[in-house]
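J.: Handing you a structure now.
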Amino acid sequence: MNADTTGPSVVVAGGGIAGLAAAHRLALAGHRVTLLEAGPRLGGKLLAGEIAGAPVDLGAESLLARRPEAVDLARAVGLGDRLQAPGTTTASVWSRGELVPMPKGHVMGVPGDARAVEGLLSAEGVRRIALDAELPPTEVGEDTAIGAYVAARMGHEVVDRLVEPLLGGVYAGDAYRISMRAAVPALFAAAREHRTLTDAVRAVQRAAAAVPADAAGAGTGLGGSVFLGVDGGVGTLPGAVADAIRAAGGEIVTDAPVTALRRTGATGWQVVCGDRVRAADAVVLATPAGPAAGLLAPHAPAAAAELDAVAYASMALVTLAFRRTDVPALAGSGFLVPPVDGHTIKASTFSSQKWRWVTDGAPDLFVLRTSVGRHGEEEHVLREDADLVAASLKDLGAATGLAARPVATTVTRWTGGLPQYPAGHLDRVARVREAVAALPGLRVAGAAYDGVGIPACIASAHRAADEIIATSKRTDPGAGHSL
């Protein structure tokens, strides 16, 4: 336990993984931290649950291990020995009615060699990729939509059949609008330096190949896995971080929406939460863009306007448990679904094959899940649970031959859960941060800024916390108490 809790007082608004990571960082630095979460639980889109007695993640299920932030945080809060590599990472694409093994040798679906996608794309689509070498250079400028850029260089088929389903799994968005600079920064940088997109992809691949396997896995000692899970679910991470915050002297309050911020003097803040007002030396807004915009409007109207323009996509996860004996042999960890084929589901994960802890928890069951919904298709998410289950079973049957009835189902909706990153997003974020930085003791963090993945959210939280730590001065131990 950190005994020094007489440092500056900080209120963190938002109890998702970004807010928790910021509060954890600040508490360990000796700040007096209060985290206020609007809802009844912590964790945001990280949620552990169960189905028919089987433990499952009902939200995000894996940590990108090539970045250190999430793995380091898990270890810091006592989950290091529960990190687990996937049992299999072999996936397929359900394209034109067939399950085709996911091609190798690509960067977020963009191939470095047309031959790598011969089993997935038509002969015409493969030939179109080769034309990239003959086209004059295409300027990417300060940013560009990745789908539009790749289609111009290699044709629409590679976007529709590979880039779109891969990016859709991350952003629930439209590849023809998603920022290349934000979503695939290494490829964006390489595209600015090379004459063809093929050359750019190969440069990224060479750089990745030069990284040792253990470094690619962030030194996890788990075989250099690109992704890691947590025994019991990634959804157990928020609770572990919350426990660590409390152990360091921090306070966490749920069902406590922040409704207003007020300036006090040159640097102080008052945080209005219900009928209570809390004084603070600093504030971290780790809420979605909309609520952050509302709180910022009186103080940084330009930042509020930028955040108001951030669009969000909704999605649903349909988790299904079957008797293992009723399930046909299924290959790999699951499959992606190109939206162009018109199916309801956009992906399916075979949880019992991907994560050993799921099978260990329920060896007689086979658990899988499907995802539904992307930006502009919110009507799917609004369908009744039974309709989403029926649509998922229909698509699963067509893709895999699965005809069994599940013994249990659960639908988890993430309404407005995923911020969209159109071309120019990072410039918008820079403008927001510049405007907010003019307000002493105030910072922003979360999925709306630097990436929607767990490590990116934690990185934004650490950035916000570190800036407050660097600029804050120790105050009277009595300052910052509730008024």
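The values are calculated or read from the model by the stated rules, or taken from the named source; none is laboratory data. If you're wondering where the values come from, they're calculated on a predicted model, not measured in any experiment. Note that each Cβ is placed from the backbone with ideal geometry, even for glycine, and that neighbours are counted across all protein chains shown. The area values use the complete protein model at the heavy-atom level, side chains included, leaving out ligands, DNA and RNA. Shrake-Rupley method; radii C 1.70, N 1.55, O 1.52, S 1.80 Å.
J.: Once the dipole of region 202-348 is set up with Lys and Arg at +1 and Asp and Glu at -1 on Cβ about the Cα centre, which of 260, 285, 336 lies farthest towards its positive end?
T.: About the Cα centre, the residue reaching furthest to the positive side is 336.
J.: On to the next question. Hey, can you grab everything whose amide H is under 5 Å from the amide H of residue 227? Only 5+ residues off in sequence or another chain; H modelled, so Pro and N-termini drop out.
T.: Amide H neighbours of residue 227: 65.
J.: Based on Cβ point charges of +1 for Lys and Arg and -1 for Asp and Glu, what charge dipole magnitude is obtained for region 1-142 about its Cα centre, in debye rounded to the nearest 20?
T.: Values: 13 positive and 16 negative charges, 66 e Å.
Dipole of region 1-142, to the nearest 20 debye: 320 debye.
J.: So what's the gap between the Cα centers of region 399-446 and region 299-313, to the nearest angstrom?
T.: Computed from Cα coordinates, the inter-centre distance equals 14 Å.
J.: Binning at 20 angstrom from zero up to the longest distance, how are the C-alpha pair distances of the chain distributed in percent?
T.: 23, 54, 22, 1
J.: Something else: About the Cα centre of the chain, how large is the charge dipole given +1 on each Lys and Arg Cβ and -1 on each Asp and Glu Cβ? Please answer in debye to the nearest 20. Each step should come with its number before you reach the end.
T.: Working: 44 positive and 49 negative charges, 105 e Å.
Value, rounded to 20: 500 debye.
J.: While we're on this one: Could you sort 433, 115, 262 by their accessible area in this structure, using a 1.4 Å probe and putting the largest first? Present the calculation step by step, with values, prior to reporting the outcome.
T.: Values: 433 40, 115 165, 262 115 Å².
Putting 433, 115, 262 in descending order of accessible area: 115, 262, 433.
J.: Using alpha carbons only, how many angstrom separate the centre of region 109-137 from the centre of region 72-96?
T.: 31
J.: Quick one: ranking 108, 315, 180 by accessible area, 1.4 Å probe, largest first, what do you get? Please list the in-between numbers first.
T.: Numbers: 108 60, 315 30, 180 0 Å².
These residues rank, largest area first, as 108, 315, 180.
J.: Return the Rg/Rh value of region 333-414, two decimal places, where both radii are evaluated on C-alpha atoms and Rh is the Kirkwood radius. Don't jump to the answer; show the numbers that get you there.
T.: On the way: Rg = 13.1 Å, Rh = 13.6 Å.
Reported Rg/Rh (Cα atoms, Kirkwood Rh): 0.96.
J.: Can you compute the charge dipole magnitude of region 276-362 about its Cα centre, using +1 on each Lys and Arg Cβ and -1 on each Asp and Glu Cβ, nothing else charged? Give it in debye, rounded to the nearest 20. Before the final figure, lay out each step's value.
T.: Working: 7 positive and 6 negative charges, 78 e Å.
Rounded to the nearest 20 debye, it is 380 debye.
J.: If you only keep lysine pairs separated by 8 or more in sequence, or across chains, how many in the chain come under 23 Å at the Cα atoms? Kindly include the intermediate steps, with their values, before the conclusion.
T.: Details: 45/346; 45/354; 104/346; 104/354; 346/354; 346/394; 354/394.
Counting lysine pairs in the chain gives 7.
J.: Set the Förster radius R0 to 35 Å, insert the Cβ-Cβ distance between residue 385 and residue 331 as r into 1/(1 + (r/R0)^6), and round the FRET efficiency to 0.05. Show your work: numbers first, answer last.
T.: On the way: r = 29 Å, r/R0 = 0.81.
That gives a FRET efficiency of 0.75.
J.: List the pair-distance distribution P(r) of region 381-467, using every Cα-Cα distance, as the percent of pairs falling in each 5 Å bin from 0 up to the bin containing the longest distance, rounded to whole percents.
T.: 2, 12, 15, 15, 11, 9, 10, 10, 8, 6, 3, 1
J.: Let me ask something else. Take every DSSP beta bridge whose two residues both sit in the chain, then give the antiparallel share in percent to the nearest 5. Please report the intermediate quantities before stating the final value.
T.: Details: 51 of 69 bridges.
DSSP beta bridges in the chain are roughly 75 percent antiparallel.
J.: In addition: How big is the shadow of the Cα convex hull of region 111-211, averaged over all directions, in nm²?
T.: Numbers: hull surface 24.7 nm².
Projected area, direction-averaged: 6.2 nm².
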